[in-house]
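Quick notes on the structure that follows.
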Amino acid sequence: MGVTVIAQTQEQGRDATVELDAPVLVVGCGRRQRRDDQIGLAIARKLMARVKPGIVMRESESPAADILTELEGRSGVRLLVIIDAAVPGTAFAAGSLHRLVLGPQVGHSRVRILDRHFGKGAPSSHQLGVAEALRLGDALGLLPRETWVYAIAGGDFGYGLAFSRPVHAAIDKIAERIAVEIETWLREWRARHA
């Protein structure tokens, strides 16, 4: 499509005219100074170093508002990627990665998938979190055809800057996997739309 997007921090600003047609929007979510909860932000920063044209990167501490705001002004997004921490469970050990794919389901099936994975009204450290953003985005018709949610199980959500050992050990590997999957999707999308 000829769209060139350069990863920029908020301090550097951004060229909104160039970004509007980018087919991929990546949002890393979390809370700074909340140990493992900041994993989405950390991975987004790692991905920014290797962002390709056609990919817009954002960091968010308020995912519901930020995701919906970003989608509302972009008609060209075909893939939304959300990266966030998750509370570990019995089959969800700290540092493990789980990927939820929401494809072009019809009707309320996306909401049922969200409910199954996030629970109905599941608590979030972000007041209104990723699940609420996805539910509302779906209801408003803002979600693109494909949405991927990468949930990384955290081990410690207390105050502090350091990650727990299992999460710290997994960061580079998770960032690499996500980068490869996004780059593969973008390459295949471009080949279909050339």
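Worth a mention:
- Within the range 67-100, tally of residues that are open to solvent by 60 Å² or more (accessible area, probe 1.4 Å) and either in contact with a Ser or Thr (Cβ under 7 Å, 6 or more places away or on another chain) or within 15 Å of Tyr150 (Cα to Cα) (or both): 4
- Of residues in the range 26-59 being in a loop (DSSP other than H, G, I, E, B) and open to solvent by 30 Å² or more (accessible area, probe 1.4 Å), the one farthest from Ala170 (Cα to Cα): Pro53
- Of the listed requirements (1) charged (D, E, K, R); (2) crowded, with 17+ Cβ neighbours inside 10 Å; (3) within 28 Å of Ser75 (Cβ to Cβ), Asp156 misses just one: (3).
- Test: residue in the range 45-65 that is within 18 Å of Ile83 (Cα to Cα), at pLDDT below 85 and polar (S, T, N, Q): no
- Of all residues in the range 138-159 being outside any loop (DSSP other than H, G, I, E, B) and out of contact with any Pro (no Cβ under 8 Å at 6 or more places or on another chain), the one that is farthest from Asp36 (Cα to Cα): Ala139
- One residue alone among Ala179, Ala162 is of a type in the set (A, V, I, L, M), in a loop (DSSP other than H, G, I, E, B) and in contact with a helix residue (DSSP H, G or I) (Cβ under 7 Å, 6 or more places away or on another chain), and that residue is Ala162.
The values are calculated or read from the model by the stated rules, or taken from the named source; none is laboratory data. None of these values were measured; they are calculated from a predicted model. Cβ coordinates were reconstructed from backbone atoms using ideal geometry, including for glycine residues, and neighbour counts include every protein chain displayed. With ligands, DNA and RNA removed, areas are computed over all heavy atoms of the protein, side chains included. Shrake-Rupley method; radii C 1.70, N 1.55, O 1.52, S 1.80 Å.
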